[in-house]
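J.: There's a structure below that I have some questions on.
The values are calculated or read from the model by the stated rules, or taken from the named source; none is laboratory data. Just so it is clear, the model here is predicted, and its values are computed rather than measured. As a convention, Cβ positions derive from the backbone with ideal geometry for all residues, glycine included, and neighbour counts pool all protein chains shown.
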Amino acid sequence: MYNTRLDGLTEYPFQRLAALLAGVTPPADSAQLIMSIGEPQHTPPALLHEALAANPDGWGKYPLNAGTPDYRAAVAAWCTARFNLPTGFLDADKHLLPVAGSREALFMAAQLCVPPAKNGKTPTVLMPNPFYQVYFGAAVMAGAEPIFVPATEDTDFLPDYGAIAPADLARAAMAYLCTPANPQGTVASLAQLKQMIRLAREHDFILISDECYSEIYTDAPPAGALEACAALGEGLKNVLVFNSLSKRSSVPGLRAGFVAGDADLIAKFGKLRAHGGAVQPVPVMAAATALWRDEAHVAENRAMYRAKFDDAAEIFGNTHGFYCPAGGFFLWLDVGDGEAATKKLWQQAGVKVLPGAYLARAAAGGSNPGQAYIRVALVHERARVRDAMLRLKQIL
């Protein structure tokens with residue numbers, strides 16, 4: 001006996017990648033370069049270790065589900081400054097909840113937002129295609145029907161939720177939006193975010209804005225859903241925003257993030273998480289508080305990514321559909337056949353990338369929008385990334 005909804009889950013992309021490369025041997029005379037996973041490898045800032053060491057007594061205490069007042073205050077202050085929010089717009093006690101990284105919380109959001117039925121029918125969860133696989137898993141395990149909305153070059157790599165079938169929109173319980181997008185790096189404009197929020201309120205679904213790449217950008221800071229809510233002047237109803245320190249501060253192992261938004265949903269999310277959510281230890285929360293209050297290390301981090309994209313522009317030029325993304329740290333390269341290219345790159349160059357098809361789903365009777373692509377994560381130090389890209393260019 002088990003939850004048969006598990007049967008609706010597909011293999012996770014990295015399991016599929018392992019199966020694809022099983023039996024494929026990389027060259028023995030060159031170092032293997034792993035560019036398949038978006039795990040930041042920049043050295044974390046020194047203040048992380050200082051803050052952890054300064055709070056040893058916290059390891060002997062159960063952490064609070066709501067986090068510390070200091071953590072919530074730091075996040076509220078960061079959001080207010082970063083997204084130009086009016087003073088008091090974001091209440092640290094009503095509109096914020098700490099989470100152990102964004103992944104677990106994005107998954108649990110479906111348990112919060114998906115009702116047993118909507119308008120008498122099975123609820124839908126809208127998501128971009130390609131998509132972060134957690135969105136799909138969350139929808140399936142919540143008993144909803146995933147609706148994959150194209151986010152291709154034709155749509156500027158962003159989903160147009162207003163264009164889906166009215167019957168599917170009427171059943172929508174929630175919609176995931178990733179901005180900057182994973183894997184394409186596209187950023188939703190303030191106008192687009194406002195339009196999506198209006199749509200969510202008109203059709204009474206929850207907009208889940210996944211903004212974990214918001215601080216890795218090329219030129220202008222990306223707009224955010226909190227900023228769009230403030231611009232609309234109608235509060236935070238029907239909106240939840242997720243962010244974390246993993247990419248911003250290169251600390252994916254710290255598992256420190258937050259969800260912000262609709263006060264009623266935040267209160268209900270707190271109730272849900274009290275029963276099964278992972279909670280950050282007190283010293284971890286103290287360290288995370290220090291990181292949210294420091295911008296110097298974030299600027300340094302961003303500059304390192306910018307330098308790697310400058311190298312990418314030099315190496316790839318106008319080949320393989322290369323473009324410098326507005327945000328994030330991935331290359332989304334058109335190589336004709338992503339799976340074939342992935343095998344070839346591992347076998348001939350010792351460079352591991354991820355086939356774009358593993359991040360997308362084929363439309364009914366159609367093709368997979370990621371089939372032609374590979375995703376390349378520029379997460380290592382500059383010299384290593386440059387080496388990998390030169391090998392990529394040579395083989396491709």
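J.: I'm told TYR71 meets every condition in (1) under 18 Å from the mean Cα position of the chain (by Cα); (2) within 20 Å of MET285 (Cα to Cα); (3) surrounded by 22 or more Cβ atoms within 10 Å (Cβ to Cβ) except one. Can you identify the failing condition by its number?
T.: It fails just one condition, (1).
J.: OK, next. Can you confirm whether segment 316-339 contains a residue that is part of a helix (DSSP H, G or I), outside the structural domain of GLU153 (by TED's automatic domain parsing) and more than 30 Å from SER249 (Cα to Cα)?
T.: Yes; the residues of segment 316-339 include at least one that is part of a helix (DSSP H, G or I), outside the structural domain of GLU153 (by TED's automatic domain parsing) and more than 30 Å from SER249 (Cα to Cα).
Residue-wise test of (1) loosely packed, with under 11 Cβ neighbours inside 10 Å; (2) under 30 Å from MET304 (Cβ atoms).
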| position | (1), (2) |
| --- | --- |
| THR4 | yes, no |
| GLY8 | no, no |
| GLU11 | no, no |
| ALA18 | no, yes |
| VAL24 | no, no |
| PRO27 | no, yes |
| ILE34 | no, yes |
| ILE37 | no, yes |
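J.: Here is a further query. Of all the strands (runs of 3 or more DSSP E) wholly in segment 197-270, which have at least 3 residues that are over 12 Å from SER102 (Cα atoms) and touching a residue at least 24 places away in the same chain (Cβ under 8 Å)? It would help to see each step written out before you state the result.
T.: Working: elements: 206-210, 239-244, 257-261.
Correct list: empty, since no element meets the threshold.
J.: Check ALA92, ALA110 and return the single one that is surrounded by 17 or more Cβ atoms within 10 Å (Cβ to Cβ), assigned to a loop (DSSP other than H, G, I, E, B) and assigned by TED's automatic domain parsing to the domain that holds CYS229. Spell out the reasoning first.
T.: Working: ALA110 fails: assigned to a loop (DSSP other than H, G, I, E, B).
Being surrounded by 17 or more Cβ atoms within 10 Å (Cβ to Cβ), assigned to a loop (DSSP other than H, G, I, E, B) and assigned by TED's automatic domain parsing to the domain that holds CYS229 holds for just one of ALA92, ALA110, which is ALA92.
J.: Only one of ALA388, ALA362 is in a loop (DSSP other than H, G, I, E, B) and aliphatic (A, V, I, L, M); which?
T.: Working: ALA388 fails: in a loop (DSSP other than H, G, I, E, B).
Answer to the selection: ALA362.
J.: Do we have any residue at all in segment 194-204 that's farther than 23 Å from PRO325 by Cβ and within 17 Å of the chain's Cα centre (by Cα)?
T.: no
J.: Here is a follow-up. Of everything in segment 274-298, what is under 20 Å from the mean Cα position of the chain (by Cα) and either more than 17 Å from SER102 (Cβ to Cβ) or of a type outside the set (S, T, N, Q) (or both)? Give them in sequence order.
T.: GLY277, ALA278, VAL279, ALA288, LEU291, TRP292, VAL298
J.: Also, I was wondering about something else. List the number of the failed condition for HIS380; all other conditions in (1) closer than 30 Å to GLY224 by Cα; (2) out of contact with any Pro (no Cβ under 8 Å at 6 or more places or on another chain); (3) not in a loop (DSSP other than H, G, I, E, B) hold.
T.: (3)
J.: For the subset of segment 113-134 comprising residues that are of a type in the set (Ser, Thr, Tyr) and surrounded by fewer than 24 Cβ atoms within 10 Å (Cβ to Cβ), which member is farthest from GLY257 (Cα to Cα)?
T.: Step one: filter segment 113-134 for residues of a type in the set (Ser, Thr, Tyr), giving 122, 124, 132.
Among the residues that remain, those that are also surrounded by fewer than 24 Cβ atoms within 10 Å (Cβ to Cβ) are: 122, 132.
On the way: THR122: 31, TYR132: 17 Å.
Filtering first and then ranking leaves THR122.
J.: Applying the selection to segment 318-354, what residues are charged (D, E, K, R) and touching a residue at least 60 places away in the same chain (Cβ under 8 Å)?
T.: Of the residues in segment 318-354, the ones charged (D, E, K, R) are 334, 337, 339, 343-344, 352.
Passing the criteria: GLU339, LYS343, LYS352.
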